[in-house]
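Here's the structure we're looking at; comments come further down.
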């Protein structure tokens, strides 16, 4: 299921201070998704062609660590093996209070859940030259951990320089506007 680029905030929007109860749309938007971790490196290194949302198969200790925000996606990538998606290199650090009878492995390969027809479509795209699957972010949705993955094409060195130049240009414009408004 391809998702639109939606801005997902870390915290849900507060209810209106007018004393009225929040509308159903506001409640749904607040509960829709809360980001756990972002992969900013992927946005810098790749052109994202399409975005997909996949469920994650996690162990109990991993869910507890995710709730604490002990997740790192920067070194992660997604592979397709035997018609199934797996995320490799996504690090979920165990809590110090992890159970004694469980041996936590922070870089365990985790299975991603998507419909078979979507996976087949992704397999066709990934087999094309230059396409890869990268994790973009992890977020909560309806009480479940979801991973947004992107069908991406690698950027060249000159593209990365252009990205840096654009970002610095935007910063300068913001500084000029800020000093002008004072």
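Pick from 96, 76, 82: which is surrounded by fewer than 16 Cβ atoms within 10 Å (Cβ to Cβ) and at pLDDT 80 or above?
Answer to the selection: 82.
For the range 142-182, give me each residue that is in contact (Cβ under 8 Å) with a residue 24 or more places away in the chain and exposed (fewer than 10 other Cβ atoms within 10 Å of the Cβ).
Answer for the range 142-182, where residues must be in contact (Cβ under 8 Å) with a residue 24 or more places away in the chain and exposed (fewer than 10 other Cβ atoms within 10 Å of the Cβ): just 142.
Over 14 Å from the mean Cα position of the chain (by Cα), surrounded by 15 or more Cβ atoms within 10 Å (Cβ to Cβ), at pLDDT 80 or above and in a strand (DSSP E or B): does that describe residue 58?
no
Just the residues that are under 18 Å from residue 86 (Cα atoms) and either surrounded by fewer than 17 Cβ atoms within 10 Å (Cβ to Cβ) or modelled with pLDDT under 80 (or both), please, taken from the range 61-71.
Within the range 61-71, just 63 meets the criteria.
Can you work out which of the residues in the range 103-141 that are free of Cβ contacts under 8 Å to residues at least 24 places away in the same chain and not in a loop (DSSP other than H, G, I, E, B) is farthest from residue 52 (Cα to Cα)?
127
Would you point out the residue of the range 31-55, among those that are farther than 25 Å from residue 154 by Cβ and assigned to a strand (DSSP E or B), that is modelled with the highest pLDDT?
It comes out as 55.
The values are calculated or read from the model by the stated rules, or taken from the named source; none is laboratory data. Just so it is clear, the model here is predicted, and its values are computed rather than measured. Neighbour counts run over all protein chains shown; Cβ positions are idealised from the backbone, glycine included.
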